[in-house]
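These notes concern the structure reproduced below.
The values are calculated or read from the model by the stated rules, or taken from the named source; none is laboratory data. Predicted model, so just to flag it, every value in this text is computed and none were measured. Cβ placement follows ideal geometry from the backbone for every residue including glycine, while neighbour counts extend to all protein chains displayed.
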Amino acid sequence: MNWFTDQISGDRRPSDEVSDSISIYIEQYAARLFPLKRRQHIGDKKAKTPLLKGWQTTDHDVDTLRLYREQQHGIGWALGPCDLVIDVDVPTKERPNKQGMESLAKLNALLPQPLEDIAPCVESPTGGRQYYLTVPEGLKFKNVIEGFPDIDIKSHGGLVVIAGSAHWQGGKYRFSDFTQMFGYERPQAPAALLNLIRKEERKTATKSTADKLTGVELADLLKPLSACEFNTHEEWFKLFAGSHHATGGSGEGLEAFIQWSTSDPAYARHGDAIAERWKSFDANDDTGLTVATIHRERMNRGVVDLPEPVDPDELFDCEDEEIKNCMTKDNSNVATKEIDTTTKKRVRTAVGINKQAGRTDNANARRFVDEFGDDLRFVVSWGKWIYWSGKRWKIDASNAGTNALVRRYAEQLWERTKEMRKSDDPAGTLRFVKSSNSASSIIAIRTLSQSDKRVTIDHKSLDSEDLLFNCLNGTFDLQNCELRDSQREDLITQISGVSFDASAQCPLWRESLKLIFDGDEELIRYVQVLFGYTLSGTRDEHILPICYGGGSNGKSTVWNTIHDIMGDYAEIGNADLLMVSRNQHPTGLADLFAKRFVPISEPGKGCQLMESRVKEWTGDAVGKARRMREDFWEFRQTHTFWLSTNHKPKISGDDEGIWRRVKLIPFEVDLREKLGGNVDKQFKEKLKAEYSGILNWAIEGWQMYQKNGLDTYEPERVKQATSEYRNNEDEIANFVSDKLDSTDPEGMIPVSDAYALYKQWNGKMVQSEFRNSMELTYKRTKCRALPYRNRSVFVGLKLHECDKTSVF
């Protein structure tokens, strides 16, 4: 057999893009980047000025930014709500009196650790430094710290020049340590620093009596909103504070709000509690929640007041008598006669633009939805449009697709004017059509359409059918095991990378698995059932498959194949999703929405699973996440994590809740040794030809799962490997229990003494592995007092009294 290539070994080198600072800022810091003006000469300060207007809100892709940089433009970073940069100025020839370094030393003395020990640092050619940190969203900060000259605070709305960009005095900004660009995450700013730089909150003036809403006006404003939809305290409080602010906390305002709140059975018996909170609530609290909050919630739910349609017979004489006869005299609707949809839309538009009431952006937005609404939806919680591609709904992240449809609508208005034979104001109609084709009107039509209840949708409605699997040639129903046409009504946003073909086979794939798993049919069947289960969005099994083995064992061949077949349903996960880490941005969680296969590869030696997070993300918990510039939103989990590693992650506890999830799948065959030099360079292409057959193989696995469940197929080899894994992880706990006293929090034992005792206990780990394993549970520090002065010790452990004289 000579049909394996070196791809089966799974050895990959990092992409050349990793060394590209632009990619690092976008991928690791979720940064919004933009081009700066080109430096014309040394000393040109304009090199720190944005090139384009709207830099705070405009997104540029990586390729565009690289092109700007190739043209010698610097790249700027528009800081977001969770970004913080500490900018330190240092003395230069031109500015010899700068005291930034002295201020930095003074600041470091107030912090638990110096900034240079915890935060990525970018240095300018003149020696200036910028330290990157994160902060909780919603805080406001000073620009400078009193008593710390030449240290600037840059936060949300600020501008920073990124590493790799040209400095205005010559040279380039660079990371002080290049390795920081690889996985060096920004820590959250220490509390001591936040206390120094936070702005004091100022109270706002009470709303004047003249501006207050009456109780009746508030009731009318709340009436279209269902209290049942505001079923979390956070959502309910928005309207509570907005109503309080709008009415100035008046008694009639309270009466109106209680009447609205108690229409939800959950609040029906809490009128007194609401009244008590209303009366104690400070109307001057700067919550930012006002009557505008209520209006925004109304718009988000499609509550918008549109003008009454006009009578078509008052507007124009139609050239087509058949069309005219099909028009009613009320509500400008086409009569329910036999007339095609295209004609109806053409009539409505021609009628509308020939009357003053129809010559507005609002009317244009209504007609735009009339014409294109079937293929568009606006996801309120995301603030994004999605459009129907013919096979699935696609997210229009940049609004490019929606803008194109609005432009098409505006261009068609010229043709619609030909439907009219006479007009009350032909010149006005033409001016309006011309205005509708302007950039501002295009944006206005798109924006106003976002509140039309015919197209608004909640993200929870998307991809809600767990047993539908979208293929390139239709939607496969896993419940009935049949293919049907793709349908808008399914609201599917994902699509696999393969077509379904019931007759397709995969002999090469099956032979490959026999080689990878050394002919173990039970293990192969178990992997097949696991992948079959992963096809669905059901999460009835709380599992974490861990594929373990050294290099060149076929893990990546299996993973890459399944990843290609799953297409959009697959999302390569960051190890931080499951591992202990210093920082985790919620935008990473948002990527899991509607995914099913989430592989996490090579988390690194010594990494520890965060057990609470594993339980949360392999269970039934509802996920909460957001993308950049979005509010938080909740989503139902549909994914299965698959971990692939050469080094088993550490699991510190003996909790049954974590170990019953772990399924260790051994990849033990060294394919380089088994195959020698007999590899087929066309293997990958040959395997691609079997993708439809491999999908059928996975569907067979799903059918086996449906019939008998997962536990039925778990082989003894997986059980034994998982059991050995658990026993090895318990070794440290058993050692401490047998040989050390962990009851004294002030106790200490030198690291070297602990390791010597461990070896006497017949422990198997080398010293570095022992030290790392111990540090997962016990703090290691340098002792500064006798009897262990200047020795590295574990805190919270000591020898048993009876052992102190007999061990060493």
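If you filter region 429-480 down to residues that are of a type in the set (S, T, N, Q) and assigned to a helix (DSSP H, G or I), you find that the one that is farthest from residue 375 (Cα to Cα) is 429.
Determine if region 291-309 includes at least one residue that is modelled with pLDDT of 85 or more, in a helix (DSSP H, G or I) and outside the structural domain of residue 447 (by TED's automatic domain parsing). Yes: region 291-309 contains one or more residues that are modelled with pLDDT of 85 or more, in a helix (DSSP H, G or I) and outside the structural domain of residue 447 (by TED's automatic domain parsing). Of all residues in region 678-692, those satisfying the criterion of being basic (Lys, Arg) and under 19 Å from residue 498 (Cβ atoms) are 684, 686, 688. Only one of the listed residues (754, 698, 721) is under 27 Å from residue 666 (Cα atoms), in contact with a helix residue (DSSP H, G or I) (Cβ under 8 Å, 6 or more places away or on another chain), modelled with pLDDT of 90 or more and not hydroxyl-bearing (Ser, Thr, Tyr). That residue is 698. A residue that is in a loop (DSSP other than H, G, I, E, B) and at pLDDT 80 or above can be found somewhere in region 55-70.
Please indicate, with yes or no, whether at least one residue in region 101-112 is of a type in the set (Ser, Thr, Tyr) and under 30 Å from residue 66 (Cβ atoms).
Among the residues of region 101-112, not one is of a type in the set (Ser, Thr, Tyr) and under 30 Å from residue 66 (Cβ atoms), which makes the answer no.
Residues checked against (1) modelled with pLDDT under 85; (2) assigned to a helix (DSSP H, G or I); (3) not basic (Lys, Arg); (4) not assigned by TED's automatic domain parsing to the domain that holds residue 669:
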site	(1), (2), (3), (4)
533	no, yes, yes, no
546	no, no, yes, no
564	no, yes, yes, no
594	no, no, yes, no
612	yes, yes, yes, no
615	no, yes, no, no
619	yes, no, yes, no
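Rundown of residues vs (1) modelled with pLDDT of 90 or more; (2) crowded, with 19+ Cβ neighbours inside 10 Å, yes/no style:
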| site | (1), (2) |
| --- | --- |
| 348 | no, yes |
| 368 | yes, yes |
| 375 | yes, no |
| 413 | no, yes |
| 423 | no, no |
| 432 | no, yes |
| 447 | yes, no |
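Of all residues in region 480-528, those that are under 25 Å from the mean Cα position of the chain (by Cα) and either closer than 25 Å to residue 709 by Cα or assigned by TED's automatic domain parsing to the domain that holds residue 552 (or both) total 1. Could you tell me whether any residue of region 685-696 is under 21 Å from residue 662 (Cβ atoms), in contact with a Phe, Trp or Tyr (Cβ under 9 Å, 6 or more places away or on another chain) and outside any loop (DSSP other than H, G, I, E, B)? There is no residue in region 685-696 that is under 21 Å from residue 662 (Cβ atoms), in contact with a Phe, Trp or Tyr (Cβ under 9 Å, 6 or more places away or on another chain) and outside any loop (DSSP other than H, G, I, E, B). Does region 380-394 include one or more residues that are farther than 27 Å from residue 634 by Cβ, without any contact (Cβ under 8 Å) to a residue 40 or more places away in the chain and assigned to a loop (DSSP other than H, G, I, E, B)? No, region 380-394 contains no residue that is farther than 27 Å from residue 634 by Cβ, without any contact (Cβ under 8 Å) to a residue 40 or more places away in the chain and assigned to a loop (DSSP other than H, G, I, E, B).
Conditions tested, residue by residue: (1) touching a strand residue (DSSP E or B) at 6+ places or on another chain (Cβ under 8 Å); (2) closer than 24 Å to residue 485 by Cα.
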{"site": "398", "(1), (2)": "no, no"}
{"site": "407", "(1), (2)": "no, no"}
{"site": "412", "(1), (2)": "no, no"}
{"site": "427", "(1), (2)": "no, no"}
{"site": "438", "(1), (2)": "no, no"}
{"site": "442", "(1), (2)": "no, no"}
{"site": "447", "(1), (2)": "no, no"}
{"site": "455", "(1), (2)": "yes, yes"}
{"site": "472", "(1), (2)": "no, yes"}
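Is it the case that residue 239 is modelled with pLDDT of 85 or more, in a loop (DSSP other than H, G, I, E, B) and within 29 Å of residue 262 (Cβ to Cβ)? Spelling it out, it is not the case that residue 239 is modelled with pLDDT of 85 or more, in a loop (DSSP other than H, G, I, E, B) and within 29 Å of residue 262 (Cβ to Cβ). Looking only at residues in region 621-637 that are surrounded by 16 or more Cβ atoms within 10 Å (Cβ to Cβ) and within 24 Å of residue 535 (Cβ to Cβ), the one that is modelled with the lowest pLDDT is 625. For region 638-652, which positions are polar (S, T, N, Q) and surrounded by fewer than 19 Cβ atoms within 10 Å (Cβ to Cβ)? Within region 638-652, 646, 652 meet the criteria. All of (1) within 17 Å of residue 555 (Cα to Cα); (2) over 34 Å from the mean Cα position of the chain (by Cα); (3) of a type outside the set (Lys, Arg) hold for residue 531 with one exception: (2). Looking only at region 255-282, which residues are within 17 Å of residue 225 (Cα to Cα) and either basic (Lys, Arg) or not in a helix (DSSP H, G or I) (or both)? Selection gives 262, 263, 264, 268.
For region 24-47, taking the residues that are in a helix (DSSP H, G or I) and modelled with pLDDT of 80 or more, the one that is nearest to residue 64 (Cα to Cα) is identified as 26. Residues considered: 98, 93. Of these, the only one that is within 25 Å of residue 171 (Cα to Cα), modelled with pLDDT under 85 and surrounded by 18 or more Cβ atoms within 10 Å (Cβ to Cβ) is 98. From the list 705, 778, 691, the one residue that fits, being in contact with a strand residue (DSSP E or B) (Cβ under 8 Å, 6 or more places away or on another chain), surrounded by 12 or more Cβ atoms within 10 Å (Cβ to Cβ) and not polar (S, T, N, Q), is 778. Among the conditions (1) assigned to a helix (DSSP H, G or I); (2) more than 25 Å from residue 643 (Cβ to Cβ); (3) touching a Gly at 6+ places or on another chain (Cβ under 8 Å), residue 529 misses just one, which is (2). Please work out which residue is surrounded by the most Cβ atoms within 10 Å (Cβ to Cβ), limiting yourself to region 456-501 and to residues that are closer than 13 Å to residue 699 by Cα and free of Cβ contacts under 8 Å to residues at least 40 places away in the same chain. Going through the qualifying residues, I end up with 468.
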